[in-house]
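Engineer: Here you go, one structure.
Every number in this text was worked out from the coordinates using simple rules, so none of it is lab data. Here the structure is a predicted model, which is why all the values come from computation and not from measurement. All Cβ positions, glycine included, derive from the backbone under ideal geometry; neighbour counts span all protein chains shown.
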Amino acid sequence: MPSVQPDVQLNQAIKDHTWLHFTQMKNVIDDPKPMVIARGEGSKVWDTSGKEYIDGLAGLFCVNVGYGRQEIIDAITQQLQKITYVSPFSFPNEPAVELAAKLASISPIGSDARVFFVTGGSEAVESALKISKQYQRLRGYQGRYKTISRRIAYHGTTMGALSVGGLTGIRKLFEPLVPGNRHVPIPHRYRCDYCADLSDCTMQCTREVANVIEFEDPQTIAAVIMEPVQNSGGCIVPPLTYYPEIRRLTRENGIVMIMDEVICGFGRTGKMFGTEHWGVQPDMMTLAKGMTSAYYPLGAVIVSKEIADAFIGDEGKKLLHGITFGGHPVAAAAALANIAIIERENLVEQAAQKGDYLRAELHKALDRHPSIGDIRGAGLFMGIEFVKSKETREEMDGGPMMGWLSDQLLNRGLICRCDDRLDPVIQLSPPLVITKEEIDQVVGIIEEVVGALEEELHM
């Protein structure tokens, strides 16, 4: 009797047992040959059939230094040979201690910051929210439990992170959520309700934050959490005056300012941390993704000395929160090797330079197309928004059309994200090591698919 082929077994196991995230598995089950990524090198990946793709999303905004980095693999292997696990409930471990000091030294929060490790972005946000609320109680403010975040924003899927997120579609199935979350408008110049048609930003979006603080009563608000460049909705970059004003409002009202750097951190926007574009010093930053370039799961919260010191004292002051695999020694070793590569190869500066090149090439290729409304972003974190009309900025229908667009890009060898949670947007977030030649390929593929889309829609 002939043996079953390995790819047949793999496909059957996918159909019978695998459950992908944010994915309708019926589509995968119905696919006779679901795509499986098998290996990667640099900015490219290959599926099990050997087809090559440029990974225009760096996995999920995370493989910043590219695939196949032997230096990180060696660091992981060497640490595994020393010790595989140390409980963060009881003891520090060498790589995590070294990493905490390194993160403090490069963070805009300050070299005296303290670092709380977790295993990913949602846990980092969850931890930052809990630290904020317990901190306010340690200060004597028992009623400070509310948070302010933005509509349309995504901060993760655990209950606290989901609650501060502003995507109605993924919130409503799990309601009631954590109480006290307030959401404000996003500073989205292209679609701003206040100043999209004006030559300058009116800063009404920050006044809305001030209005919420006043209406809710500052004595009830624990924290504000925002991404430097907002991912959901397609790489939304606030005006340069935005975060300095948010910082002023939070400081004057005793509110903790949390910058969610899970995506923006470690060079993605052309700065080591996205916050640096605005020159502000937040109270906390959440990290994950690019911290290890996804070679190992790791997340963190960098906390200012002022806040961290409030937890030091008797037993009643300790942080009542923990994660089994937080600060895993192998993950920390991977992060140290990853950060060393980012610094040695000047990948932050490369992201800024290559981002400028990518933006210029996208404008050259796409500005003439009637379906392209806006090209925006920072560094190698770019969004391309589709419209029915350039003049009216009428939104193009999302849903199935964006699925069709994703398939067209994939068929031509480009992995990226077509995001219709706010407006139909192609998101690009390639590894920071992407070459100019590969950027040219990416732009060429997108231009070809945009043309096919317009032909399909008779534009």
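Engineer: Can you tell me how the stretch 402-459 classifies by the Cα gyration tensor, rounded, prolate or oblate, using a/c under 1.5 as the rounded cut? Could the numbers behind the result be given before it?
Structural biologist: Numbers: a/c = 2.27, a/b = 1.43, b/c = 1.58.
Since a/c reaches 1.5 but b/c is at least a/b, the shape of the stretch 402-459 is classed as oblate.
Engineer: Taking R0 as 60 Å, what's the FRET efficiency between LYS317 and ASP407 from their Cβ-Cβ distance, rounded to 0.05?
Structural biologist: Step by step, r from the Cβ atoms, then E = 0.65.
Engineer: Sort THR157, THR324 so the one with the fewest other Cβ atoms within 10 Å of its own Cβ comes first.
Structural biologist: In order of increasing Cβ crowding within 10 Å: THR324, THR157.
Engineer: Just need the relative contact order of the stretch 13-77 here, percent rounded to a whole number, with Cα pairs under 8 Å and 6+ apart.
Structural biologist: Once divided by the residue count of the stretch 13-77, the mean separation gives 20 percent.
Engineer: Under the Karplus relation 6.51 cos²θ - 1.76 cosθ + 1.60, θ = phi - 60°, what is the ordered set of whole-Hz ³J(HN,Hα) values for the stretch 348-359, x standing for Gly and Pro?
Structural biologist: 5, 5, 4, 4, 5, 5, 5, x, 4, 5, 4, 4
Engineer: Of ALA101, GLN230, ASN411, which is farthest on the positive side of the dipole of the chain, counting Cα position, with +1 on Lys and Arg Cβ, -1 on Asp and Glu Cβ, and the Cα centre as origin?
Structural biologist: Positive-end residue among those listed: ALA101.
Engineer: Right, next: Using the alpha-carbon centroid of each, what span in Å lies between the stretch 200-230 and the stretch 301-322?
Structural biologist: First find each Cα centre; the distance between them is then 26 Å.
Engineer: Mind listing the long-range amide H neighbours of ALA38? Cut-off is under 5 Å, sequence gap 5 or more, other chains count too, H placed in the peptide plane at 1.01 Å from N.
Structural biologist: For ALA38, the qualifying residues are TRP46, ASP47, THR48.
Engineer: Convex hull volume of the Cα atoms in the stretch 200-349, per residue, in Å³? Can you show the working numbers first?
Structural biologist: Numbers: hull volume 22.1 nm³, N = 150.
Given the Cα convex hull of the stretch 200-349, per-residue volume reads 148 Å³.
Engineer: Would you mind calculating the gained length between ASN253 and MET203 on full extension (0.36 nm times residue separation, minus the Cα-Cα distance), in nm to one decimal?
Structural biologist: Answer, rounded to one decimal: 16.1 nm.
Engineer: If each residue of separation counts as 0.36 nm, what is the full-extension length gain between ASP309 and GLN281 once their alpha-carbon separation is subtracted?
Structural biologist: Additional length available on full extension: 8.3 nm.
Engineer: Another question, then. For the chain, build the charge dipole from Cβ charges (+1 Lys, Arg; -1 Asp, Glu) around the Cα centre, then report which of ASN253, ASN64, LEU298 sits farthest towards its positive end.
Structural biologist: Sorting the options by dipole projection puts first ASN253.
Engineer: Let me ask something else about it. Please list the non-local residues whose amide H lies under 5 Å from the amide H of GLY299, H modeled 1.01 Å from N, same-chain partners needing a gap of 5 or more.
Structural biologist: VAL118, THR119, GLY120, GLY327
Engineer: In addition: State the extension gain, in nm to one decimal, for the chain segment bounded by ALA101 and GLN78, taking 0.36 nm per residue of separation less the distance between their alpha-carbons.
Structural biologist: Length difference between fully extended and current span is 6.2 nm.
Engineer: Go through ALA210, GLN134, ILE14 and say which Cα lies farthest out towards the positive end of the charge dipole of the chain; charges sit on Cβ, +1 for Lys and Arg, -1 for Asp and Glu.
Structural biologist: GLN134
Engineer: Assuming 1.002 mPa s and 20 °C, estimate D for the stretch 71-344 with Stokes-Einstein, Rh taken as the Kirkwood radius over Cα pairs, in µm²/s.
Structural biologist: Approximately 112 µm²/s, per Stokes-Einstein.
Engineer: Further question on the same structure: Ordered by residue, what ³J(HN,Hα) values in Hz, to whole numbers, does the stretch 318-332 give under the Karplus form 6.51 cos²θ - 1.76 cosθ + 1.60, where θ = phi - 60° and Gly and Pro are x?
Structural biologist: 5, 5, 8, 7, x, 10, 3, 9, x, x, 3, x, 6, 4, 5
Engineer: Taking only C-alpha pairs under 8 Å that are 6+ residues apart, what is the relative contact order of the chain in percent?
Structural biologist: The normalised contact order for the chain reaches 21 percent.
Engineer: Scattering from the C-alpha atoms of the stretch 44-140 alone, worked out with Debye: what is log10 I(q)/I(0) at q = 0.17 1/Å?
Structural biologist: Per q value, in the given order, log10 I(q)/I(0) is -1.10.
Engineer: A further question follows. Report the label-to-label distance for LEU240 and GLN142 in nanometres (one decimal), using points 7 Å from each Cα along the Cα→Cβ vector.
Structural biologist: 4.7 nm
Engineer: In whole Hz, what ³J(HN,Hα) sequence does the stretch 275-285 give by Karplus (6.51, -1.76, 1.60; θ = phi - 60°), x for Gly and Pro?
Structural biologist: Ordered by residue, 3J(HN,Hα) equals 3, 4, 4, 9, x, 9, 10, x, 7, 8, 9 Hz.
Engineer: Compute the relative contact order of the stretch 71-344 as a whole-number percentage, counting only Cα pairs closer than 8 Å that sit 6 or more residues apart in sequence.
Structural biologist: Relative contact order for the stretch 71-344 comes out at 30 percent.
Engineer: Please order MET396, MET272, MET285, MET159 by the number of other Cβ within 10 Å, starting at the fewest.
Structural biologist: Listing MET396, MET272, MET285, MET159 from fewest to most nearby Cβ atoms yields MET159, MET396, MET272, MET285.
Engineer: Arrange the following residues from fewest to most other Cβ atoms within 10 Å of their Cβ: CYS62, CYS201, CYS264, CYS195.
Structural biologist: CYS195, CYS201, CYS62, CYS264
Engineer: Taking the C-alpha atoms of the stretch 147-217, how large are the radius of gyration and the largest Cα-Cα span, Dmax, in Å?
Structural biologist: Considering the stretch 147-217 through its Cα atoms, Rg and Dmax are 13.6, 41 Å.
Engineer: Please give the charge dipole size of the chain, origin at the Cα centre, charges +1 on K and R Cβ atoms and -1 on D and E Cβ atoms. Round to the nearest 20 debye.
Structural biologist: For the chain, the charge dipole is close to 1220 debye.
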